[in-house]
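The structure under discussion appears below in the form of structure tokens.
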Amino acid sequence: MTMSYEQAVAALIEAGRRLDARGWAPATSGNYSARLDDGSVALTVSGRHKGRLTGDGIMRVDLDGRPLTAGKPSAETDLHLALYRLFPEAGAVLHGHSPQAVGLSRATEADGITLAGHEMLKAYPGHTTHAAEVRLPIVDNSQDMAVIEAAIRPALLVPGAIPAYLIRSHGLYAWGKDVDEAERVLEATEWMIAAELAEASFRRAWTR
Ligand SMILES: CSCCC(=O)C(=O)COP(=O)(O)O
Ligand SMILES: [Zn+2]
């Protein structure tokens, strides 16, 4: 699904306000993009506070990451573009830095966590039951986006993989056919991470 540049600017600014209000994009963290009708990509400008975006905080790049309008593209542009190349149906990519997602990623050295039995699994496109489990892949952080992209690619191509992954000590990526679906995937994943944390806390308290 694609949209006009004007529609994308409005959608990404509004999503940025909502994600900031949840505490998921503090201190200029996070970056958001949407695929446009002309084949280019609307993308947040690097270094801006993503909860206080205005029109000049969004720019256009081509699918090779070359700027088509003024601004410095996100430091993570290549991670967004890699997802658009891998998934032609992807229309938007949202990246947040929630403390819960980052804390989870630092509490394990595993290459992912299993989310099972949650009714919230039905927020993922194509999922219709709680009686299932999905894998949230976790990849080590790097300042070289090509290293992250190469490391996470195999997990993203597993049949039935959810449209989300976590960068350790960094944050969560989520995507969907449009901004609304990408935000639903990010919100549902963040909610299940918080639910797993709450469950662990209750189990620890009740075993004393
Ligand atoms: C203080 S956040 C460090 C950079 C980052 O991880 C991020 O998500 C925002 O980078 P951008 O270049 O897109 O502003
Ligand atoms: Zn980031």
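The values are calculated or read from the model by the stated rules, or taken from the named source; none is laboratory data. The model shown is predicted, which means the values in this text are computed figures rather than measured ones. Cβ sites come from the backbone with ideal geometry, for glycine too, and all protein chains shown count toward neighbours. Remember, those area values only see protein heavy atoms, side chains included, never the ligands or the DNA or RNA. Shrake-Rupley method; radii C 1.70, N 1.55, O 1.52, S 1.80 Å.
Which of (1) open to solvent by less than 70 Å² (accessible area, probe 1.4 Å); (2) among the basic types (Lys, Arg); (3) within 16 Å of ligand 2 (Cβ to nearest atom) is the odd one out, the single condition Arg60 does not satisfy?
That leaves (3) as the condition not met.
Of all residues in the stretch 21-60 being within 12 Å of ligand 1 (Cβ to nearest atom) and of a type in the set (A, V, I, L, M, F, W, C), which is nearest to Gly103 (Cα to Cα)?
So, considering only residues that are within 12 Å of ligand 1 (Cβ to nearest atom) and of a type in the set (A, V, I, L, M, F, W, C), the one nearest to Gly103 (Cα to Cα) is Trp24.
Quick check on Ala90: is it under 14 Å from the mean Cα position of the chain (by Cα) and more than 16 Å from ligand 1 (Cβ to nearest atom)? Spell out how you get there, then give the answer.
Numbers: under 14 Å from the mean Cα position of the chain (by Cα): yes; more than 16 Å from ligand 1 (Cβ to nearest atom): yes.
The answer is yes for Ala90.
Regarding the stretch 120-136, can at least one residue be identified that is open to solvent by 40 Å² or more (accessible area, probe 1.4 Å), away from ligand 2 (no atom under 16 Å from the Cβ), closer than 20 Å to Arg22 by Cβ and not hydroxyl-bearing (Ser, Thr, Tyr)? Before the answer, list the steps.
Going through the stretch 120-136, the residues open to solvent by 40 Å² or more (accessible area, probe 1.4 Å) turn out to be 120, 122, 125-131, 133, 135.
Of the ones still in play, those that are also away from ligand 2 (no atom under 16 Å from the Cβ) are 120, 122, 125-131, 133, 135.
The next check asks that each one be closer than 20 Å to Arg22 by Cβ; those that pass are 120.
Pick out the ones that are also not hydroxyl-bearing (Ser, Thr, Tyr) and you get 120.
Yes, that holds for at least one residue.
Which one is most open to solvent (accessible area, probe 1.4 Å), of the residues in the stretch 153-208 that are more than 18 Å from Ala132 (Cα to Cα) and part of a loop (DSSP other than H, G, I, E, B)?
Going through the qualifying residues, I end up with Arg208.
Evaluate the following for Arg106: is it buried (at least 20 other Cβ atoms within 10 Å of the Cβ), within 16 Å of ligand 1 (Cβ to nearest atom) and modelled with pLDDT of 95 or more? Before the answer, list the steps.
On the way: buried (at least 20 other Cβ atoms within 10 Å of the Cβ): no; within 16 Å of ligand 1 (Cβ to nearest atom): yes; modelled with pLDDT of 95 or more: yes.
Answer is no for this residue.
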